[in-house]
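Colleague: Before I ask anything, here is the structure I am working with.
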Amino acid sequence: MLILGVDIGGSGIKAAVVDTLNGVLMTSRHRIETPQPATPEAVATVLAEMVRYFNWTGVVGCGFPAVVLHGVCKTASNISSEFIGTPIDHLFSERTGCPCFCLNDADAAGLAEMRFGEGVDQSGVVLLVTVGTGIGTAIFTEGRLLPNTELGHLTLPNGKKAESSASDAVRKLKELNWKRWGKRINRYLTEMEALFWPDLIIIGGGISKSFDKFKEYLTPEATIKPAAFLNQAGIVGAALYAKSKVTLD
Ligand code: BGC
């Protein structure tokens, strides 16, 4: 089954048609800048443009950078606060003319990695951390997701919020070199290990393609790997989620 997978991020909205049987992208990825301010109206307009770009009339899955509970956006850290309380499944479906199903972006990336990526056959606890404009998390135990964990907002022992100290946006803004940023993300991962004791930590988001540049600064005991789908995990996982909403398997 083919589904248009969309990853709505704080800086870019990326999409591709995904074959949900194997997680393969059937088209190249198209990216449109996230409108600023990222209001519901503005994001819905870009999403409709994206659907037109692909000439798409089928089901759409959207990873969204916020808590999404039963199709309603509940939080807003890197998008307009107007989103809080917005029924985004409904809004996006209405504006695109296609049935749209939204979930948290980190949860989407996690679903893709558990089904087709680094999490395949992994028992125990898997933590996916997606690092981009914000920091998002997805936790799986024996393959099952605990949705909408917001552990990028964790306050670290040094009093700083993880997302404000170690996101990719902060790395770029403060022009941190890999060593300095690597130590920051390591502080976060060390704290996450002390709290959740995952067997495997998967790093997704924009930073995942640079894993080799900072892996030497990571000290947790858990195995740490970059997402097999790199920054495309969100697109693939959004499509898998939408598929689960329209089929029985
Ligand atoms: C949001 C999360 C999201 C993460 C990554 C955070 O600011 O609160 O919901 O998963 O950014 O986009």
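Conditions tested, residue by residue: (1) under 20 Å from residue 7 (Cβ atoms); (2) assigned by TED's automatic domain parsing to the domain that holds residue 152.
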position: 180; (1), (2): no, yes
position: 188; (1), (2): no, yes
position: 198; (1), (2): no, yes
position: 202; (1), (2): yes, yes
position: 209; (1), (2): yes, yes
position: 213; (1), (2): no, yes
position: 218; (1), (2): no, yes
position: 237; (1), (2): yes, no
position: 241; (1), (2): yes, no
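Colleague: Exactly one of (1) within 15 Å of residue 231 (Cα to Cα); (2) surrounded by fewer than 24 Cβ atoms within 10 Å (Cβ to Cβ) is unmet by residue 108. Its number?
Modeller: Against the list (1) within 15 Å of residue 231 (Cα to Cα); (2) surrounded by fewer than 24 Cβ atoms within 10 Å (Cβ to Cβ), residue 108 comes up short only on (2).
Colleague: Within region 10-86, which strands (runs of 3 or more DSSP E) (wholly inside it) include 1 or more residues that are more than 16 Å from the ligand (Cβ to nearest atom), within 22 Å of residue 243 (Cβ to Cβ) and small (Gly, Ala, Ser)?
Modeller: Numbers: elements: 12-19, 30-33, 60-64.
Here the list reads 12-19.
Colleague: Charged (D, E, K, R), without any contact (Cβ under 8 Å) to a residue 60 or more places away in the chain and more than 16 Å from the ligand (Cβ to nearest atom): is that true of residue 142 in this structure?
Modeller: So residue 142 passes the test.
Colleague: Return the residues of region 111-124 that are of a type in the set (Gly, Ala, Ser), surrounded by 20 or more Cβ atoms within 10 Å (Cβ to Cβ) and not in a helix (DSSP H, G or I); say none if nothing qualifies. I'd like the intermediate steps shown before the answer.
Modeller: Here is the first cut: in region 111-124, the ones of a type in the set (Gly, Ala, Ser) are 112, 117, 119, 123-124.
Subset that is surrounded by 20 or more Cβ atoms within 10 Å (Cβ to Cβ): 112, 117, 119.
The answer is 117, 119.
Colleague: When you scan region 38-51, do you find a residue that is touching a residue at least 60 places away in the same chain (Cβ under 8 Å) and surrounded by fewer than 20 Cβ atoms within 10 Å (Cβ to Cβ), even just one?
Modeller: No, every residue in region 38-51 fails to be touching a residue at least 60 places away in the same chain (Cβ under 8 Å) and surrounded by fewer than 20 Cβ atoms within 10 Å (Cβ to Cβ).
Colleague: Just need a number here: residues in region 82-105 that are in contact (Cβ under 8 Å) with a residue 40 or more places away in the chain, of a type in the set (Asp, Glu) and within 26 Å of residue 229 (Cβ to Cβ).
Modeller: Residues flagged as in contact (Cβ under 8 Å) with a residue 40 or more places away in the chain, of a type in the set (Asp, Glu) and within 26 Å of residue 229 (Cβ to Cβ) within region 82-105 amount to 1.
Colleague: To continue, here is another question. Looking at 246, 236 in this structure, which one is under 30 Å from residue 25 (Cα atoms), surrounded by 22 or more Cβ atoms within 10 Å (Cβ to Cβ), hydrophobic (A, V, I, L, M, F, W, C) and touching a residue at least 12 places away in the same chain (Cβ under 8 Å)?
Modeller: Working: 246 fails: surrounded by 22 or more Cβ atoms within 10 Å (Cβ to Cβ).
On inspection, the qualifying residue turns out to be 236.
Colleague: The conditions are (1) surrounded by 22 or more Cβ atoms within 10 Å (Cβ to Cβ); (2) on the phi > 0 side of the Ramachandran plot, and residue 6 fails exactly one of them. Which is it?
Modeller: So residue 6 meets the others, but not (2).
Colleague: Out of curiosity, is residue 183 free of Cβ contacts under 8 Å to residues at least 60 places away in the same chain and of a type in the set (D, E, K, R)?
Modeller: Yes; evaluated as a whole, the condition is true for this residue.
Colleague: With respect to the numbered conditions (1) without any contact (Cβ under 8 Å) to a residue 24 or more places away in the chain; (2) farther than 29 Å from residue 228 by Cα, which one is the sole condition not fulfilled by residue 21?
Modeller: Unmet for residue 21, out of (1) without any contact (Cβ under 8 Å) to a residue 24 or more places away in the chain; (2) farther than 29 Å from residue 228 by Cα: (2).
Colleague: Restricting to region 146-164, and then to whatever is of a type outside the set (D, E, K, R) and away from the ligand (no atom under 13 Å from the Cβ), can you tell me which residue is surrounded by the most Cβ atoms within 10 Å (Cβ to Cβ)?
Modeller: Looking only at region 146-164, we keep the residues that are of a type outside the set (D, E, K, R), and these are 146-149, 151-159, 162, 164.
If we keep only those that are away from the ligand (no atom under 13 Å from the Cβ) too, we end up with 146, 155-159.
On the way: 146: 13, 155: 12, 156: 17, 157: 9, 158: 9, 159: 7.
Filtering region 146-164 for residues that are of a type outside the set (D, E, K, R) and away from the ligand (no atom under 13 Å from the Cβ), the one surrounded by the most Cβ atoms within 10 Å (Cβ to Cβ) comes out as 156.
The values are calculated or read from the model by the stated rules, or taken from the named source; none is laboratory data. These figures come from a predicted structure and were not determined experimentally. Note: ideal-geometry Cβ built from the backbone for every residue, glycine included; neighbour counts use all protein chains shown.
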